[in-house]
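Below: one structure, written as structure tokens.
Please treat every number below as a calculation from the coordinates, not as lab data. Predicted model, so just to flag it, every value in this text is computed and none were measured. We place every Cβ from the backbone using ideal geometry, glycine too, and count neighbours over all the protein chains shown.
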Amino acid sequence: MKDEKNTCGGKGWVYSETVKEHFFNPQNILRDEKEYEADGIGMVGSPACGDMMVVWIKVEPEKKQISECKWRTFGCASAIASSSMMSVMATEHGGMTLSRAKKMMPEAIIERLGGLPERKYHCSVLGHLALREAIEDYEKNHEHGG
Ligand code: FES
């Protein structure tokens, strides 16, 4: 058949160059957590698709900034690209403070990615939700002396 359109809805599935960049070359992915000593760990599953995401963070205790943010997902391309971008945003410029990182919104990640197909929005929430859980895990374990 000539000119057959993508059966998933044509341009609703177009990915930005930045999404492709982060999908093909994901930043801060953690392949083997056995050798990684995290200060906090967060894990979330997506009710929409059943995929899951884990985030590991290291925290600079004086300034309460995220010095490292690693992740791994069994989600799709959009989940990989948005987690990669989330980890870059969490650690750039010396690291986000914990309080700021807890307020990170998926819209900010999507904006930095140059957009995501609308129906992939639920994939972009996995990274920041797992990050939030990792921060809460850190805070729970480091309540003393705070
Ligand atoms: S479809 Fe499950 S994370 Fe994207």
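Calculated from DSSP H runs of 4 or more alone, at -39500 (n - 2.57) each and per residue, what is the 222 nm mean residue ellipticity of the chain, nearest 500?
-11500 deg cm²/dmol
For the chain, count the residues as N, evaluate 2.2 N^0.38 Å, and divide the Cα radius of gyration by that value, please.
For the chain, the normalised Cα radius of gyration comes out at 1.11.
Compute a Gaussian network model of the chain, connecting alpha carbons closer than 10 Å, and tell me which residue from GLY94, GLY115, GLY127 fluctuates the most.
Highest fluctuation among the options: GLY94.
Please give the helix 121-141 orientation as an angle from the longest Cα principal axis of the chain, in degrees from 0 to 90, rounded to the nearest 10.
Orientation of helix 121-141: about 10 degrees from the principal axis.
Find the relative contact order for region 15-141 and round it to a whole percent, using C-alpha pairs within less than 8 Å whose residues are 6+ positions apart.
In percent, rounded to a whole number, it is 34.
Between ARG112 and SER67, what is 0.36 nm times their sequence separation minus the Cα-Cα distance? Round to one decimal in nm.
On the way: separation 45, 0.36 × 45 = 16.20 nm, distance 2.02 nm.
Between ARG112 and SER67, full extension yields 14.2 nm more.
Report the longest stretch of the chain that contains none of the GluC sites (Glu not before Pro) sitting in a DSSP loop with at most 12 other Cβ atoms within 10 Å.
The answer is 63-142.
For MET43 and PHE74, calculate 0.36 nm times their separation in residues minus their Cα-Cα distance, and state this gained length in nm to one decimal. Provide the component values of the computation, followed by the final result.
On the way: separation 31, 0.36 × 31 = 11.16 nm, distance 1.15 nm.
Full extension from MET43 to PHE74 adds 10.0 nm.
About the Cα centre, and with charges only on the beta carbon of Lys, Arg (+1) and Asp, Glu (-1), how big is the dipole of the chain? Nearest 20 debye, please.
For this selection, approximately 440 debye.
Say the dipole of region 15-141 comes from +1 at the beta carbon of Lys and Arg and -1 at that of Asp and Glu; which of ALA101, CYS123, MET85 then lies farthest toward its positive end?
Result: CYS123, furthest along the dipole toward the positive end.
Residues with beta-carbon under 12 Å from that of GLU33, excluding GLU33: net charge, scoring Lys, Arg +1 and Asp, Glu -1?
+1
Testing the spin-label approximation: label points 7 Å from Cα along Cα→Cβ at ASP51 and TYR36. State their distance in nm.
1.7
Within region 68-146, report the trypsin sites (Lys or Arg not before Pro) that DSSP leaves as loop and that have at most 15 other Cβ atoms within 10 Å.
Filter output for region 68-146: LYS103.
Taking region 55-146, which chymotrypsin sites (Phe, Trp or Tyr not before Pro) meet the DSSP loop condition and have no more than 16 other C-beta atoms within 10 Å?
Within region 55-146, the qualifying chymotrypsin sites (Phe, Trp or Tyr not before Pro) (loop, at most 16 other Cβ atoms within 10 Å) are PHE74.
What does the extension gain come out to for VAL14 and SER99, with contour length at 0.36 nm per residue minus their alpha carbon separation?
Contour length minus Cα-Cα distance gives 27.2 nm.
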